[in-house]
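This report concerns only the one structure given below.
The values are calculated or read from the model by the stated rules, or taken from the named source; none is laboratory data. Everything numeric here is computed off the predicted structure, so don't read it as measured data. Here the Cβ is made from the backbone with ideal geometry for all residues, glycine too, and neighbour counts use every protein chain on show. Accessible surface is based on the protein model in full, side chains and every heavy atom, while ligands, DNA and RNA are left aside. Shrake-Rupley method; radii C 1.70, N 1.55, O 1.52, S 1.80 Å.
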Amino acid sequence: MGLKRTDEFRQDAMRIALTSGLTRKQVAGDLGVGMSTLNKWITAHRDTDVVSKEDLSLAQENDRLRRENRLLKEKREILKRATQFFAGLKQ
């Protein structure tokens, strides 16, 4: 039989999953709960104020910045390779 989690634990788990920037799989693993369990908690409490509007907007901004950062790193790598390629042609 599974371990009974407190409401406080569930709320903290949902807040972490929604605002930390980690994947739900990572959060579930770190907290020792199944991913399906974490997803059920989030779905059941989607319309409640588990996460403040400010925290949610910060999490969305973090996601946007992470995507932008990843894209910029990819562009930088392409430019590095192009520079190396064209430097090799001059020799």
Practice prompt. Give just the number: which of (1) open to solvent by less than 90 Å² (accessible area, probe 1.4 Å); (2) touching a helix residue (DSSP H, G or I) at 6+ places or on another chain (Cβ under 7 Å); (3) not hydroxyl-bearing (Ser, Thr, Tyr) does Lys25 not satisfy?
Written response: (1)
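Determine, yes or no, whether Arg10 is more than 22 Å from the chain's Cα centre (by Cα) and either modelled with pLDDT of 85 or more or surrounded by 12 or more Cβ atoms within 10 Å (Cβ to Cβ) (or both). So that I can check it myself, show each step before the final result.
Details: more than 22 Å from the chain's Cα centre (by Cα): no; either modelled with pLDDT of 85 or more or surrounded by 12 or more Cβ atoms within 10 Å (Cβ to Cβ) (or both): yes.
No, not satisfied.
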Worksheet, complete the sentence: Scanning the range 62-88 for residues that are at pLDDT 85 or above, of a type in the set (D, E, K, R) and closer than 30 Å to Ala13 by Cα gives Arg64, Arg66, Arg67, Glu68, Arg70
Worksheet entry | In the range 13-22, the residues that are open to solvent by less than 50 Å² (accessible area, probe 1.4 Å) and not aliphatic (A, V, I, L, M) | Thr19, Ser20, Gly21
Practice prompt. Of the numbered conditions (1) surrounded by 11 or more Cβ atoms within 10 Å (Cβ to Cβ); (2) closer than 30 Å to Leu3 by Cα; (3) without any contact (Cβ under 8 Å) to a residue 40 or more places away in the chain, Asp55 fails exactly one; give the number of that condition.
Written response: (3)
Discussion item. Under 8 Å between Cβ atoms, which residue pairs at least 6 apart in sequence (or on different chains) link something in the range 65-85 that is farther than 29 Å from Leu22 by Cα and open to solvent by less than 100 Å² (accessible area, probe 1.4 Å) with a partner that is assigned to a helix (DSSP H, G or I) and of a type outside the set (Asp, Glu)?
Written reply: none
